[in-house]
Amino acid sequence: MSEKWNAEAARPSRVQRRDDNMFVMDEVHGGVGPITMRRYFELGFKWPLELEIWDIPVGATEGAHVHDEVDPDGYVMIDECYIVLDGQGRFLLADEEVDLAPGDAIFINPHTSRGIVNTGETTLRILLLSDLPVQAMP
């Protein structure tokens with residue numbers, strides 16, 4: 001991410017297509033398998049926000065992790081909100097496992113360990129909202 005988020009910058013109205021900013025990451029946070037991620041309107045909001053849709057295939061996981069002061073990936077001190085759009089998942093929330101289905105949401109603060117397992121028979125699709133990582137802030 002080379003640019004910085006700027007709340008004062010002009011933000012034109014625009015359309016982003018499904019595959020415009022799509023990428024696949026393997027073994028996210030030490031998890032299992034690939035996760036397809038789509039990042040929408042990168043650095044283009046008035047608010048310091050990241051908006052992504054994740055497709056987690058059957059059997060894939062996002063490994064347990066936190067986004068505290070020492071996050072090795074640079075996502076330091078971010079809050080996250082996961083909203084299940086389709087499929088079934090088990091979410092790690094600190095020491096608790098929570099099963100979520102379409103329409104369910106979970107909010108996680110930076111110090112709480114989190115992770116995801118696709119427990120269903122189809123792709124788990126999640127809408128992910130988070131603060132911007134510190135390297136994108138002015």
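Nothing in this text is a laboratory measurement; each read-out follows from the coordinates by a stated rule. Keep in mind it's a predicted model, so treat the numbers as computed, not measured. Cβ sites come from the backbone with ideal geometry, for glycine too, and all protein chains shown count toward neighbours.
Numbers at a glance
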| read-out | value |
| --- | --- |
| Within region 22-136: Cβ-based charge dipole about Cα centre, in debye rounded to nearest 20 (Lys, Arg +1; Asp, Glu -1) | 360 |
| Formal net charge of residues neighbouring Ala60 (Cβ-Cβ distance under 15 Å; K, R +1; D, E -1) | -4 |
| Mean Cβ count within 10 Å, highest first, over the residues of peptides 101-107, 52-58, 17-23 | 52-58, 101-107, 17-23 |
